[in-house]
Amino acid sequence: MHKGIAVSPGVVVGVAFRVDSVFGTGDPQPLATPGLVPAELERFERAIATSMTELDAIVIKVGQQLGAAEAEIFKTHLQIVNDQAMQAKVRALVESKSLTALSALQIVLQGYAASFARIEQDYLRERLADLRDVFSRIGSHLTVQTTTVAPSLGHDPKEGEEPIILVATEILPSQAMSLGSLPIAGIVTEAGGGTSHAAILARSRGIPAVSGVVGITAEVRSGDTIIVDGREGVVLVRPTNDETSAYRKLQREFFDLKDRLVLNRDQPAVSADGAQIELLANINNVADAQAARKVGATGVGLFRTEYLFLSHPDVPDEEEQYQHYRQVIEDSPNRVVTIRTLDLGGDKTVAYLGRRNEANPFMGWRSIRLSFEHPRLFERQIRAILRAGRHGKVSMLFPMITTLEELRHVNQLVEESRRNLRREGVPFGDDVKTGVMIEVPAAAICIDAILRETDFISVGSNDLIQYLVAADRDNPKVAHLCDPLSPAIFRVLKMVFDACQRTGTPVTVCGEMAGQPRAVLTLFGLGLRRFSMSPAFVPTIKALLGSVTIAQAERFAHQVLQLKTNEEIRAYLTARLHEVSSALEVFDSS
Ligand code: PEP
Ligand code: MG
């Protein structure tokens with residue numbers, strides 16, 4: 001039995017599938033027969049040629065859209081694809097060991113990674129990231145599917161087959177997108193905390209997940225039976241028959257309850273004494289928007305646009321963004337969508353914006369800071385959002401605002417874009433509200449000043465917590481500090497909510513705590529009425545808030561604010577949740 005961090009609730013028994021690197025499984029994959037070698041070499045040549053054609057086009061497009069310096073990055077990628085030594089190594093492996101070209105490519109990449117790891121130079125580590133990008137590109141042309149992991153899965157599970165549980169060292173943001181459409185029933189990772197991409201992906205799909213399980217990839221082999229308990233943070237590898245049947249029973253109970261809860265999708269979200277509550281969804285793409293409708297969310301409180309940029313072969317232009325946003329809006333519940341501008345950087349990087357090897361990427365050049373440095377890119381996104389604003393009730397949200405100067409600057413940019421669109425005669429939504437994400441403590445502390453110059457607030461508690469407690473949200477070593485059930489968090493949130501109430505400013509919480517029952521009881525008691533969460537949690541939170549009155553929740557919140565330690569708060573809220581709705585305890589992994 002392994003203990004990790006519980007990041008997405010639920011229990012599942014399934015078959016492990018290991019993903020060890022950017023693509024592929026790490027296990028060498030031989031061809032069915034050595035007779036296939038010539039055809040495989042030909043496929044490799046074609047993949048190289050296609051990658052070069054693509055990169056030629058990207059160099060031109062990125063040059064036009066972003067500038068010559070950014071285009072240089074892809075010129076380097078072209079050189080890597082064209083590298084004769086690399087190609088020769090792949091060919092030699094295919095020929096001598098009858099491996100698939102994909103597998104050979106992966107082995108060559110591992111070789112490079114091993115030699116780079118011995119060299120302590122930032123420059124070379126950046127080059128390794130470029131190598132991974134290029135190898136992923138070539139690899140994607142060696143597979144029928146275009147996702148990074150699907151080819152290695154090899155097949156969709158047939159009826160009666162065990163569900164697949166992904167076991168990985170970590171899941172990169174770019175992979176999270178391609179995993180979105182695969183039949184995965186659980187996720188276990190070595191890296192990552194409660195708000196890592198793997199965790200957010202798992203929650204958005206409502207599948208159990210445990211992260212921070214050190215050593216799991218060394219122990220598990222693809223095909224092993226494995227149990228994931230996403231509530232207790234427990235993983236069992238090759239369980240006994242008794243363990244398997246006990247967990248299967250829990251699995252059935254969990255999914256039955258979930259299915260029953262979704263039946264409340266058409267009922268209004270109200271507390272036990274009739275207070276109106278808005279339950280919104282966090283989404284990344286069109287499929288999530290549809291999921292949000294199915295579970296009865298009344299709108300989208302957070303549309304993370306960076307996934308469009310992460311999954312795009314080059315940089316999406318204004319028209320592509322407009323079409324994408326429009327589609328998302330049309331598929332979203334009530335066409336209510338809050339679109340967040342680009343939140344790249346930190347752990348989410350795209351090659352065309354350049355890679356900077358920063359000692360502390362989360363404290364560095366990320367999010368709005370990066371947008372400011374790419375004014376043309378930023379302007380195109382603002383324009384695309386304003387234009388999409390005609391197709392629904394759309395708001396624009398700015399991440400990581402730290403100072404009032406930054407807020408003034410974005411407000412100015414939005415005004416300028418409105419003026420330009422008007423002058424050009426391009427139609428756009430004339431009632432697109434703009435809002436600020438409160439996720440940097442400096443902005444939370446100066447909330448009064450911010451509220452005077454913005455239409456609404458959305459609290460990004462994932463980041464707010466990591467910055468308040470100075471603990472990287474993706475680092476399992478400090479995950480115990482990134483705890484939403486803490487005195488410091490609730491005090492800061494109270495300050496923000498009170499300020500919003502004084503000024504009548506709408507406020508939402510869109511971090512993961514907005515979908516975690518014990519935290520939600522307190523947030524409701526502190527006066528919050530707008531919660532935005534992974535679609536899978538909407539039915540649970542609706543049921544939870546439907547069984548509590550305002551007076552009760554206010555009492556809980558008042559008491560929480562008197563408590564001094566995380567442990568006291570956790571114990572107190574666990575008892576209150578048990579009283580209010582013991583059936584929903586299984587949905588809390590906070
Ligand atoms: C947050 O920080 O709480 C948030 C919602 O944004 P993200 O998780 O995308 O950083
Ligand atoms: Mg954030």
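The values are calculated or read from the model by the stated rules, or taken from the named source; none is laboratory data. Keep in mind that what you see is a predicted model, and the values were worked out from it rather than measured. Glycine gets a Cβ as well: all are built from the backbone with ideal geometry, and neighbour counts include every protein chain shown. Quick note on the areas: whole protein, heavy atoms, side chains included, nothing else; ligands and nucleic acids left out. Shrake-Rupley method; radii C 1.70, N 1.55, O 1.52, S 1.80 Å.
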Relative contact order in percent for the stretch 213-280 (Cα pairs under 8 Å, 6+ apart) equals 15
Around T402 (Cβ within 15 Å, Cβ-to-Cβ, excluding T402; K/R +1, D/E -1) the net charge comes to -4
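What translational diffusion coefficient, in µm²/s and rounded to a whole number, does the Stokes-Einstein relation yield for the stretch 272-587 at 20 °C and a viscosity of 1.002 mPa s, taking the hydrodynamic radius as the Kirkwood radius over Cα pairs? It would help to have the intermediate numbers written out before the result.
On the way: Rh = 20.0 Å.
For these conditions, the coefficient is 107 µm²/s.
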Any lysines whose Cα falls less than 17 Å from that of K393, other than same-chain ones fewer than 8 residues away, would be K433
Output ordering of 9-16, 254-261, 233-240 (per-residue mean of other Cβ within 10 Å, highest first) is 9-16, 233-240, 254-261
Output ordering of 516-527, 473-484 (per-residue mean of other Cβ within 10 Å, highest first) is 516-527, 473-484
Computed over the stretch 272-587, protein heavy atoms only, probe 1.4 angstrom, the accessible area per residue in square angstrom equals 37
Partner aspartates and glutamates whose C-alpha sits under 16 Å from that of K89, ignoring same-chain residues fewer than 8 away, are E40, E42, E45
Probe 1.4 Å, heavy atoms of protein chains only: per residue, the accessible area of the stretch 34-142 in Å² is 48
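For the pairs K61/K348; K97/K348; K75/K477; K494/K542, note any where the Cα-Cα span goes beyond 27 Å.
On the way: K61/K348 21 Å; K97/K348 36 Å; K75/K477 38 Å; K494/K542 22 Å.
Checking Cα-Cα distances, K97/K348; K75/K477 exceed 27 Å.
What is the percent of Cα-Cα separations in the stretch 34-142 that go past 17 Å? Let's see the in-between values first.
Numbers: 3265 of 5886 pairs.
The proportion of pairs with Cα distances above 17 Å equals 55 percent.
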Computed about the Cα centre, the charge dipole of the stretch 381-497 from +1 Lys/Arg and -1 Asp/Glu charges at the Cβ has a magnitude in debye, to the nearest 20, of 380
Out of P30, Q552, F44 - ranked by how far each Cα lies towards the positive end of the dipole of the chain, with unit charges on the beta-carbon of charged residues - the top one is Q552
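Ignoring ligands, DNA and RNA, what percent of the accessible area of the chain is carbon or sulfur (1.4 Å)?
52
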So, for the Cα atoms of the chain, Rg and Dmax in Å stand at 24.3, 76
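Which percent, nearest 5, of DSSP beta bridges in the chain are antiparallel? Don't skip to the answer; put the middle values down first.
On the way: 17 of 56 bridges.
Close to 30 percent.
Nearest 20 debye, what's the magnitude of the dipole of the stretch 437-556 about its Cα centre given +1 on Lys and Arg Cβ and -1 on Asp and Glu Cβ? Can you show the working numbers first?
Details: 11 positive and 11 negative charges, 83 e Å.
In total the dipole reaches around 400 debye.
Using Cα pairs under 8 angstrom and six or more residues apart, how large is the relative contact order of the stretch 304-362, in percent? Write out the running numbers ahead of the final one.
On the way: 34 pairs, mean separation 26.2, N = 59.
Relative CO of the stretch 304-362 lands at 44 percent.
When the helices in the chain are scored as -39500 (n - 2.57) per DSSP H run of 4 or longer and the sum is shared across all residues, what 222 nm value do you end up with, to the nearest 500 deg cm²/dmol? Walk me through the intermediate numbers first.
Numbers: 24 runs with 291 residues, N = 590.
Calculated at 222 nm, the ellipticity per residue is -15500 deg cm²/dmol.
Which of the peptides 187-195, 404-412 is most tightly packed, and how do the rest follow, judged by the mean count of other Cβ atoms within 10 Å per residue? Could you put the intermediate results ahead of the total?
Working: 187-195: 25.6, 404-412: 15.0.
By packing density, highest mean first, the sequence is 187-195, 404-412.
Sequence gap at least 6, Cα distance under 8 Å: using those rules, report the relative contact order of the chain to the nearest whole percent.
Numbers: 1161 pairs, mean separation 97.2, N = 590.
Worked out over the chain, it gives 16 percent.
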